[in-house]
Each structure stands twice: as structure tokens, then as C-alpha cells.
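Structure record follows, encoded as C-alpha cells.
The values are calculated or read from the model by the stated rules, or taken from the named source; none is laboratory data. Small disclaimer: the values here were computed from a predicted structure and weren't measured. Cβ placement follows ideal geometry from the backbone for every residue including glycine, while neighbour counts extend to all protein chains displayed.
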Amino acid sequence: MTKRRDDEPAGEVASPACAMHEADDAYMGYAAKDELITFLNELLEAERAGAQVTLESAEQAAGSGTVAALLRAIQRDEARWCAMLLTHVKALGGAPSPKLGAFYDKAMAIADLGERIALLNRGQGWVVRKLREMLPRLRDNRLHADLAEMLRSHEANIALAAELASRARY
């Protein structure tokens, strides 16, 4: 190790650590604003499709109290997440997507309610995977907290639907 002499000038620092909070999110390894808006809109379309599928499926399952109740509970969650996602897209300065995700047509093409619920669970699993990928890349604490809660909710709904599917007849 070499020692700096007292009469040598100290080296210049290219960017002081105290200015790191001013660095662009992407530079810091976080998701950039445009990427977040795209991601949130993708989730919004999927949640909107899920809300519509569960609403119509609950109506179809009206004679089966437990199944209909679970579908209505999931539908309320999906609607809640749509509202949360809309809020965050707008807060980021983006335009919320008005689209209904392609999942809706795919799910509603399945006539058998049990098979449709199985597909719904796979769709919930897709959301879980997307959230797990994005959460470590979020800088905004409020968005992180909201998406972490959405993740927990989807995981709980998957477990409830899987448990119901293992013992229910549609």
C-alpha cells in the first residue's frame, strides 16, 4: 500500500455519495418510470380480466355457495387491485390502459367451471411471478408496499382456490 504525501493534492471524486439520491432509477438498478408504467398497465389489464372472469363465474356458480363465495371474494380483490394500479399509473404520469386482458377470452372459452377456476389459479400464479420479479427493482416505498400486499393477496387466493378445488364438485 502506498501512502499519500502531505503535499500531494487529494484525488477528485467523480460523483459524491451524497448525490446518489439524485441518480436516475435505472442507473441505480431500479425499474425506470416508463418500464413501471408498462408493467403496471400489464397488471391492470390482467386484473381487469380476472375481475370480469370471477364476476361471471360467480354468477354461473350461484347454486354452489362455497365456490360462488370464493369467486366473489377473488373478484373483490381483483377490483381492489385494479383501483390501486390505476392510482399508481396516474401518479407516475402515465395513462391507464383501458384494455381487458386477453386472459378473459381464454378463460371464458372454458365451459367447465372447475377447469376455468384452475386456469384462473394459473393466471393468479402468473401475477405472483411478475410481482416477485419486479418487487426487488422498486425504489418507491409506497408502490413497493402496495404490490407486496397484492402479492400476498394473490398467494392467499391461490391457496384457497387450490384447497377448494381439491374437495369441491362444480
Scanning region 71-100 residue by residue, the ones that are over 17 Å from Q60 (Cβ atoms) and under 14 Å from the mean Cα position of the chain (by Cα) total 12
Scanning region 111-124 for residues that are assigned to a loop (DSSP other than H, G, I, E, B) and aliphatic (A, V, I, L, M) gives A111
Scanning region 35-86 residue by residue, those closer than 23 Å to R152 by Cβ, free of Cβ contacts under 8 Å to residues at least 24 places away in the same chain and in contact with a helix residue (DSSP H, G or I) (Cβ under 6 Å, 6 or more places away or on another chain) turn out to be L55, A58, R72
Residues of region 58-72 being exposed (fewer than 15 other Cβ atoms within 10 Å of the Cβ) and assigned to a helix (DSSP H, G or I), in sequence order, are E59, G65, T66, A69
Checked V127, V89 against criteria (of a type outside the set (D, E), in contact with a helix residue (DSSP H, G or I) (Cβ under 8 Å, 6 or more places away or on another chain), under 26 Å from S64 (Cβ atoms) and assigned to a helix (DSSP H, G or I)); the one match is V127
Note to self: Whether any residue in region 44-55 is surrounded by fewer than 19 Cβ atoms within 10 Å (Cβ to Cβ) and either under 26 Å from L164 (Cβ atoms) or at pLDDT 80 or above (or both) is what I want to check.
What the structure shows: yes
Scanning region 112-138 for residues that are of a type in the set (K, R), surrounded by fewer than 15 Cβ atoms within 10 Å (Cβ to Cβ) and over 29 Å from E163 (Cα atoms) gives none
*Mind checking whether some residue in region 11-25 is crowded, with 19+ Cβ neighbours inside 10 Å and either of a type in the set (G, A, S) or at pLDDT below 95 (or both)?*
no
Given (1) touching a Leu at 6+ places or on another chain (Cβ under 7 Å); (2) over 24 Å from D34 (Cα atoms); (3) buried (at least 17 other Cβ atoms within 10 Å of the Cβ); (4) not small (G, A, S), L160 misses just (3)
Review point. Would a scan of region 94-110 turn up a residue that is of a type in the set (V, I, T), surrounded by fewer than 17 Cβ atoms within 10 Å (Cβ to Cβ) and not in a helix (DSSP H, G or I)?
Key: yes
Across (1) at pLDDT 95 or above; (2) touching a Leu at 6+ places or on another chain (Cβ under 9 Å), T66 clears everything bar (1)
Expected single match for among the small types (G, A, S), under 20 Å from A62 (Cα atoms) and without any contact (Cβ under 8 Å) to a residue 12 or more places away in the chain among A118, A159, A109 is A109
